[in-house]
Amino acid sequence: MDNTEMNNKFFRRLIERYLEGKTTADELKLLVNYYESFQKENEWVEALGPEDVIKERMLVNILEAIKDDEEIKQPKVISIFRSAYVKYAVAASILAFVAIYTIINKGTDFIVQEDAVVNTSIEVGTNKAVLTREDGSNITLEKGEQLAFDNLESNGEELVYTNKEAASKAIAYNYLTIPRGGQFFVKLSDGTQVWLNSESKLKYPVTFVDGEKRMVELLYGEAYFDVSPSTAHKGSKFMVTNNNHEIEVLGTEFNVKAYNNESNITTTLVEGKVNIKYQGEDHILLPNQQSVLDRSTNTITFNEVDVFHEISWKEGIFSFNNKTLKEIMMVLSRWYDFNVEFKNKDVENELFVGTLGKDEKIENILQNLKELGIINKYEFHEKNISIE
């Protein structure tokens with residue numbers, strides 16, 4: 001699945017949420033930015049729907065909704081796109097990064113700056129992974145590298161397994177490891193689609209046996225699953241495990257986040273139904289619900305969430321809802337592959353809400369924070385960033 005197709009799907013979903021009256025204040029602002037980008041370029045993607053209808057409703061109704069909603073404190077939108085680059089593919093990587101305290105209370109206006117000249121080896125993440133086959137061999141997957149075996153193929157940006165009948169011997173397993181600074185898409189032999197985020201590792205069978213459980217293991221990291229239904233596989237259930245935490249799939253689409261350096265394992269349901277199995281108990285999740293397993297206390301809680309913030313990463317966007325700068329930098333460090341040190345500990349706890357395009361350079365993001373007065377200084381040293 002290429003970036004344009006993923007971006008189209010993301011904005012169709014966002015527009016549908018708006019037309020249904022389900023968008024949050026942050027999503028409204030994202031749509032405003034999106035609308036304005038089309039005023040700078042006379043292009044429209046037909047797959048999004050009727051141009052006149054969509055544009056008119058986005059311009060009039062969204063702006064009125066933002067203006068009239070007095071109960072919501074509206075932070076300002078920050079965009080670093082320059083008009084020469086604002087086309088649809090770029091609009092899907094909108095930067096609308098907002099500091100709640102700094103913007104609302106200080107009323108800071110932001111002026112776009114030209115790219116600062118920074119000597120850094122920190123690059124934007126890309127599609128890359130390491131495939132470990134059943135014989136123990138490792139194969140690097142990256143753009144431009146073709147791979148083909150009797151039951152799988154890759155163009156360097158995604159990995160696709162064919163539905164080959166399983167032999168009578170023990171099922172063979174493959175591992176897909178996504179490094180820091182990477183992401184990857186894999187289509188399993190049963191048709192299940194999996195998007196893997198940076199610093200993740202998935203264990204899965206090369207083939208599945210219809211009628212038997214389809215088991216995969218997210219060893220660590222984050223993955224979004226769009227599961228092929230059991231009705232297409234003689235009733236075979238699909239299970240995702242992580243240590244002693246099991247997810248039995250009763251529906252289709254969900255996100256699992258289980259990083260080794262985070263105490264929580266979160267499962268967010270987008271469509272269908274899943275059963276969370278933990279310590280002998282079953283917990284059913286419905287759409288827009290999230291389970292949070294705290295590994296430090298061995299307790300599990302359940303919340304209603306806006307799934308937009310949880311799954312936008314697979315659409316090329318990071319969305320943050322009341323996250324501290326420390327939490328945000330942890331997410332960014334995986335995608336850009338860097339280490340961060342906060343020399344000013346007070347800065348760590350600044351709260352943010354908004355979105356960041358995954359194609360944006362890290363130096364531009366940091367420069368914006370500096371221009372806003374949120375941080376005083378930042379320095380690069382190879383793969384390390386210090387923030388004051």
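Listed values, structure above:
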| read-out | value |
| --- | --- |
| Whole-Å semi-axes of the range 201-303's equivalent ellipsoid (Cα gyration tensor) | 22, 15, 12 |
| Residue-span extension gain [PHE302 to LYS237] - 0.36 nm each, minus C-alpha spacing | 21.1 nm |
| Potential extension, GLN279-GLU327 segment - 0.36 nm per residue separation minus Cα distance | 14.4 nm |
| Distance from the range 196-251 to the range 364-388 (C-alpha centre basis), Å | 40 |
| Environment charge of GLU142, counting only residues whose C-beta is closer than 12 Å and scoring Lys/Arg +1, Asp/Glu -1 | -1 |
| Shape call, the range 295-351: gyration tensor on alpha carbons, a/c limit 1.5 | oblate |
| Overall form of the range 181-243 per C-alpha gyration tensor (a/c, 1.5; a/b vs b/c) | prolate |
| Restraint check, LYS237/LYS314; LYS187/LYS358; LYS273/LYS358; LYS213/LYS234; LYS187/LYS237, Cα-Cα greater than 19 Å | LYS237/LYS314; LYS187/LYS358; LYS273/LYS358 |
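No value in this document is a laboratory result; all are computed from the given coordinates. Here the structure is a predicted model, which is why all the values come from computation and not from measurement. Methodologically, a virtual Cβ is constructed for each residue, glycine included, from the backbone with ideal geometry; neighbour enumeration extends over all protein chains shown.
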